[in-house]
Amino acid sequence: LIDYANQALLRTAISNYVNAADAHLEKVKVRDNETCFTASASDQYIELIRRDPGNAQRTVDSLTANVPMDNADELLKLGTAFTRVKAYSAAINLLTKSTKINPKNACAQGNLGLTLYIMGKYVESIPVLQKAVAIGSSRKADLWAWNAYLGHAYLRTQQFSSAIKPCLAMHANDPNDGRGHLCVAKAYLALKNYDKAIEYFVSVYQKATELS
């Protein structure tokens with residue numbers, strides 16, 4: 001058995017390697033896959049907001065006041081556009097309304113969960129992202145993204161055992177992206193399962209090397 005001092009050293013070494021791999025993978029160009037997040041936002045709305053940056057909030061307020069509040073699809077389009085231009089509070093308001101009208105729309109659930117995560121509302125994002133994953137999508141890029149945010153929300157809230165399943169799903173939906181196994185490595189590291197952490201770190205390192 002490894003004594004406590006050696007455990008601490010091993011944990012530090014693995015953590016340093018994982019962080020290095022994380023930084024390396026962040027530099028790898030992400031393929032431009034179409035996802036719910038890119039497809040459901042209205043370019044027209046985004047253009048209106050970006051046209052006059054100085055009055056962006058006024059434009060957001062105007063668009064919100066004029067969107068039909070009983071139209072789930074239009075709420076999804078505008079809410080996602082708001083997320084894209086970082087008007088997060090307004091986005092959460094509209095996306096929440098969209099999910100209440102049509103709770104089976106995975107894109108609305110996924111985009112709401114993503115926005116909550118971006119705002120640091122990790123606990124609130126988890127059940128929403130769970131719904132998106134459960135409903136599913138024909139696009140693997142969507143499933144990768146929803147599981148990625150779900151897995152990292154679990155990590156952020158120290159629910160390490162729960163993080164493993166969505167992190168593995170990241171890898172299943174895109175085996176060429178090492179970040180799924182990196183997510184798993186982080187979970188096992190936090191759980192002090194060093195053998196498993198090393199196993200998945202090695203996978204991450206190999207993938208990062210391939211992508212260099």
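The values are calculated or read from the model by the stated rules, or taken from the named source; none is laboratory data. The structure presented is a predicted model; accordingly, all values stated were derived computationally and were not measured. Backbone-built Cβ (ideal geometry, glycine too); neighbour counts: all protein chains shown. The accessibility values were calculated without ligands, DNA or RNA, using every heavy atom of the protein model including side chains. Shrake-Rupley method; radii C 1.70, N 1.55, O 1.52, S 1.80 Å.
Quick notes on this structure:
- With θ taken as phi - 60° and the Karplus curve 6.51 cos²θ - 1.76 cosθ + 1.60 applied, the whole-hertz 3J(HN,Hα) list for segment 140-147 is 5, 4, 5, 4, 4, 5, 5, 5 Hz, x standing for glycine and proline.
- Going by accessible surface with a 1.4 Å probe and the largest first, 52, 195, 177 read 195, 52, 177.
- Mean accessible surface per residue for segment 132-209, computed with a 1.4 Å probe while every protein chain stays in place, in Å²: 45
- If R0 equals 25 Å, the separation of the Cβ atoms of residue 66 and residue 124 corresponds to a calculated FRET efficiency of about 0.35.
- Cα centroid separation - segment 137-212 against segment 58-76, whole Å: 36
- Projected area averaged over orientations for segment 51-128, convex hull of C-alpha atoms, nm²: 4.8
- As a fraction of the 1.4 Å probe accessible area of segment 70-212, surface on carbon and sulfur atoms comes out at 51 percent.
- Added length on full extension, which subtracts the Cα-Cα distance from 0.36 nm per residue, residue 57 to residue 196: 45.2 nm
- For segment 152-210, a Kirkwood hydrodynamic radius built from all Cα pairs, placed in the Stokes-Einstein relation at 20 °C and 1.002 mPa s, yields a translational diffusion coefficient of 194 µm²/s.
- Label positions at residue 43 and residue 206, each projected 7 Å from the Cα along the C-beta direction, are separated by 4.1 nm.
- Placing R0 at 22 angstrom, the Cβ-Cβ distance between residue 138 and residue 165 gives a FRET efficiency of 0.55 after rounding to 0.05.
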